[in-house]
Structures are given as structure tokens and as C-alpha cells.
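> One structure, as C-alpha cells, below. Some questions next.
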Amino acid sequence: MKRWMPVLMSVSVAVLLSACGSSPGDPAGGGDAAGVKDEHPTGDKGDPGSDPAGADTLTTVDQVKAALAADHASADWYPYLADITLETYLGAPVLLLHVTWDDNDTDYQGKNDRSFAMLVALQDYDTPLTANVATLDGSGNLFGAGSTSQAGAMPMSARFDLPPAPTTTAEMQAWLDAVYGPGGLVKLGPGETWYAAITSIGPGPDAPLTVTTTLAPEDRLGMTLLQMALQTSGSALLESYAVIHSGGFGSSGYAPPGEPGAFGYYYFP
């Protein structure tokens, strides 16, 4: 059985920002936590995850879809699963579960329970596609479900020789450039626009670490990926930070400092 770990720490506080002040609002990633439940099985950095591919290995998204349809079509959560695709987020492969609920559904516990049930169902299959699993809801909110070292995937902190956690806003820009920029350690996917959208990183009126971008207000996915990238730095600056989109508003939050890459996706060698 796979052993899972949550993908990223979620922002614990988020508000809508303006140049003059702040007002309550939803986090960029939505109302749920990034990990679907506190009772995720935990991952193990020492787990080699080198299961050889066999005849029963699912190697395509279509095979995963077919397996879930055959085994779980009668499950309570199955009607909420609209599609499955394989995406590249922060340069890592992510099996994306497109779910039908959205911001109008305020049953957060129900959404968490259904997401967790989908993850549990996936863990029964031998497939390298579940190195990272996430959900994308009908309002465009991305939530990390879990990552596993099966098939040789490993934590970001083990896969890359990451720079030390940045301690100033200038170092934060340099860290993102070294890790995610052109020629950096991580090669971003063709649809990842969040890095190029950064226009400035520095202190701001609402947070000591303020990232200003050209991301559109409706680009929740881009805003979330940028926040996730910041969190992978492990910087203490994230104790108070803000990300501003092109409309002059955005999200702010808190994330605890830690080892760079500790709260990132899993990557293949």
C-alpha cells in the first residue's frame, strides 16, 4: 500500500487586500485546507518507492479512469469526479482530479471526505501517475491531496540541491529565479505562467513580503501555484506575506518556516 504525505502546508489566514487596507475574503486556494484531511497516512523519505512496473501497472490516465469506473462507479463520491488529467505544476507531474463542487458548496467537511475517499481509491492501484494527486473544483480552486514515493518519486528537498531558505525579499526573488526561473533547477510546465507574471517582490503596506503580479483576478490556479512556490522556499518571511493580482487585490497568509522543498511536490529523478 502506498504511503501518502500532504503536498503543502495551506495558508492559515487569507484576506482580500488593497493598497489602503484589508477586508475579509476567501483564500486563493479556497475554503478547504491544501491537504484533504489531517489523518493522511504519512510519507517516508527513506521509502525508495522503486516498485517495478508489471503487467497490472496503470501507465495512462485512461487506464486510471477505467479502473475507477470499474471498481468505484457505485461509490458516493464517484458522481463528483468529472474528469482526470495529467498536469505539470511547479515542474512536477500532478494527477488532477476535476471535481464538480465549487464555492457555492459550503459543506467543507463533505468536500474533504470525498477528496480523501478518491485518494484512498487511487492508492489501491499500481501506477506511477499518483506521485502527486490534487483536485481542481468548479470555481478553479486547486487543492493538493497527497504525494507518494512509489515508482521512485522523491520529495523536492531530496531531488534537488536547493538554495538555503531566503531571509530577505531580495533573496526570495533570487531563490525563485534559481529554482523556477529559466535554466533553474525545476523546469516549469508549458502552461505555468505564474513565474513570468511576477513584477516585483518586496515589502508592502499590508505584509513585509509582498509579491506583485500581472496575473488576472480570475486566475485562481496561477495565484495558488505562486503561493505554493513561495512555500517551497521554507522562508521565515512567509510568516506574513501577500500576493497581489493585476486588479490590485489578492491574498495574504501565513506559512511556518522550514527546510526548503519540504512542502513541495514529489519529483522523479
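> Relative to a virtual label point 7 Å from the Cα of residue 113 in the Cα→beta-carbon direction, which members of region 59-94 show backbone nitrogen distances below 14 Å?
Flagged as within label range: 76-78.
> By how many nm would the segment from residue 187 to residue 246 lengthen if fully extended, with 0.36 nm per residue of separation less the alpha-carbon distance?
18.7 nm
> Determine, for each peptide in 194-206, 130-142, the mean count of other beta carbons within 10 angstrom over its residues, then list the peptides with the highest first.
Highest-to-lowest ranking by the protection proxy: 130-142, 194-206.
> Could you tell me the distance between the Cα centroids of region 123-157 and region 62-107, to the nearest Å?
With region 123-157 and region 62-107 each reduced to a Cα centre, they are spaced 11 Å.
> Still on this structure: Once you have the Cα-Cα distance between residue 78 and residue 178, take 0.36 nm times their residue separation minus that, and quote the gain in nm to one decimal.
31.9 nm is the gain from fully extending residue 78 to residue 178.
Every number here is computed from the coordinates shown, using simple stated rules; none is lab data. Since the model is a prediction, treat every value here as computed from it, not as a measurement. Glycine also receives a Cβ, built like all others from the backbone with ideal geometry; neighbour counts cover every protein chain displayed.
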